[in-house]
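The values are calculated or read from the model by the stated rules, or taken from the named source; none is laboratory data. Keep in mind that this is a model prediction, so the values were computed, not measured. Positions of Cβ are generated from backbone atoms using ideal geometry, with glycine treated the same way; all protein chains shown enter the neighbour counts.
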Ligand code: C2E
Ligand code: CA
Ligand code: CA
Ligand code: CA
């Protein structure tokens, strides 16, 4: 893609070319996004399935408030950041910002809300990841149990040795771990048993098929039983209907997350939303 004139960059077009000059400018844009304060975290509540309505925590989801494009979805810029080696920078910012926000909410009287951040495969391989998280927790006076790290099932399977080492170290400092997008990879039972994860998040694709497909119901039911047998809490992501909610509650799912309850929202909105509700 070419510059579409003025300050407008058409670099998110699907047909974009990948010449090295453009890669450089993209990389620069993403780097500057951090420095210019264009990144923001939105927060989506996770609802406790049994005591209806209680907020068990929130997931922090990264947004890029681009001066020209407006809000850019992470589905677009995270893959770019990974490709251009900027993902580390974004990841550091997310850790710092999530801890700062937890502390700010606490001073504002929200209580000890649990916040989950998403970790990329790149971060799993950073030597100082655990030290960085530990240091951010301490600097902001956040209890480690308030932070959850979500890592996708496929990423955990890419490098089993690294995953086990990093997970153990995170667990050792008191941070909990959630296996994200579960069901899209093919982890074995024995593998899951060896990971010190606390939560398993069932991928949205299974949830959206729940009402129409007996197969999807059978898979989700089996995953919930398996997870419970391994003492994992189960979170269903992408819950959009009352029907899905009822099926999941019937199956004993522990936490529910999705547009049916709330969309991801800016921190101040989340504060207003959560203030009227009991925290778990
Ligand atoms: P994810 O971790 O699986 O996050 C869930 C995605 O589903 C989010 O999309 C969320 O807004 C969306 N969602 C939640 N409820 C519903 C629902 O009921 N229906 C539908 N259709 N969608 C729902 P989002 O915010 O666009 O994020 C997309 C992906 O980008 C995330 O998937 C995650 O993999 C990645 N991501 C987001 N923030 C970060 C971050 O800080 N770091 C890293 N490494 N990745 C991030
Ligand atoms: Ca996630
Ligand atoms: Ca997910
Ligand atoms: Ca997903």
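Here are some notes:
- Residue match in the stretch 174-184 (condition: in contact (Cβ under 8 Å) with a residue 40 or more places away in the chain and either more than 16 Å from ligand 3 (Cβ to nearest atom) or part of a helix (DSSP H, G or I) (or both)): yes
- Verdict on residue 138 being more than 16 Å from ligand 2 (Cβ to nearest atom), at pLDDT 95 or above and buried (at least 20 other Cβ atoms within 10 Å of the Cβ): no
- Odd one out for residue 250, checked against (1) modelled with pLDDT of 95 or more; (2) in contact with a strand residue (DSSP E or B) (Cβ under 6 Å, 6 or more places away or on another chain): (2)
- Selection count where residues are part of a helix (DSSP H, G or I), away from ligand 2 (no atom under 16 Å from the Cβ) and either in contact with a helix residue (DSSP H, G or I) (Cβ under 6 Å, 6 or more places away or on another chain) or without any contact (Cβ under 8 Å) to a residue 24 or more places away in the chain (or both), scope the stretch 199-218: 4
- Being more than 16 Å from ligand 1 (Cβ to nearest atom) and touching a strand residue (DSSP E or B) at 6+ places or on another chain (Cβ under 7 Å) holds for only one residue in 198, 217, and it is 198.
- Within the stretch 143-173, tally of residues that are closer than 25 Å to residue 55 by Cα and free of Cβ contacts under 8 Å to residues at least 24 places away in the same chain: 0
- Filtered residue count, the stretch 140-162, keeping only those that are more than 16 Å from ligand 3 (Cβ to nearest atom), in contact with a strand residue (DSSP E or B) (Cβ under 8 Å, 6 or more places away or on another chain) and not in a strand (DSSP E or B): 2
- Residue in the stretch 187-197 that is within 19 Å of residue 232 (Cα to Cα), within 16 Å of ligand 3 (Cβ to nearest atom) and assigned to a helix (DSSP H, G or I) present: no
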